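What follows is one structure encoded as structure tokens, with my remarks underneath.
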Amino acid sequence: MKKYVTGFLFSKNASHVVLIKKINPQWQRGLFNGIGGKIEANELSVDAMVREFIEETGVTTNKADWTCFAKVYRPNCYDVDLYFAHSDLAFSAKTIEQEQVHIIKLTELPNNIIPNLHWLIPLALDKQADFTTPVLLQEVAQERTKA
């Protein structure tokens, strides 16, 4: 199973977020998502977050900048660690690869975003949440019983 990271770099005052307009995978084409990608073999999740962020935006961050706030797991499908950070380095983000990087006002999020960003972004910004242990979102197989 593949492991991934996705991160949201917010401006210091949380008015803006860095998002990327996806080309791949096909189901994300044309939609905005956080910055991220695959975790390499023997790579820590947070190291992958730092690496992916610089590769896709040109912005160098540190491991200590990122907070893992959620883990989304679907058996035999994917395992994603979600991160956030706050820094005005967000305003330095630029397009490095094919997928376009955008600095977006949170009050003006586009309609064409990955659907779960509608609740993941507010979760990342929840000042009352304790992310000492990330929120685990896991699909549980439902057993079907015959009536």
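Against the condition under 18 Å from residue 32 (Cβ atoms), exposed (fewer than 12 other Cβ atoms within 10 Å of the Cβ), out of contact with any helix residue (DSSP H, G or I) (no Cβ under 8 Å at 6 or more places or on another chain) and among the β-branched types (Val, Ile, Thr), how does residue 133 come out, does it pass? No; evaluated as a whole, the condition is false for this residue.
Within the option set 115, 110, being touching a residue at least 12 places away in the same chain (Cβ under 8 Å), part of a loop (DSSP other than H, G, I, E, B) and not small (Gly, Ala, Ser) holds for one residue only, 110. Exactly one residue out of 14, 41 is closer than 19 Å to residue 103 by Cβ and either at pLDDT 95 or above or of a type in the set (Gly, Ala, Ser) (or both): that is 14. Selection of first residues in segment 28-47 that are under 9 Å from residue 6 (Cα atoms) and among the polar types (S, T, N, Q) and of second residues that are modelled with pLDDT of 95 or more and assigned to a strand (DSSP E or B), restricted to Cβ pairs under 8 Å at least 6 apart or on distinct chains, gives the following pairs, ordered by first then second residue: 33/6; 33/19; 33/20; 33/113.
Yes/no matrix, rows are residues, columns are (1) of a type in the set (Lys, Arg); (2) under 14 Å from the mean Cα position of the chain (by Cα):
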position: 45; (1), (2): no, yes
position: 61; (1), (2): no, no
position: 74; (1), (2): yes, no
position: 117; (1), (2): no, yes
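Enumerate the strands (runs of 3 or more DSSP E) found wholly within segment 62-106, keeping only those where 3 or more residues are surrounded by 18 or more Cβ atoms within 10 Å (Cβ to Cβ) and not hydroxyl-bearing (Ser, Thr, Tyr).
67-74, 78-86
Criterion first (within 24 Å of residue 122 (Cβ to Cβ) and assigned to a loop (DSSP other than H, G, I, E, B)) does residue 59 satisfy it? Criteria met by residue 59.
The values are calculated or read from the model by the stated rules, or taken from the named source; none is laboratory data. All values derive from a computational prediction rather than experimental measurement. Cβ atoms come from the backbone with ideal geometry, glycine included; neighbour counts cover every protein chain shown.
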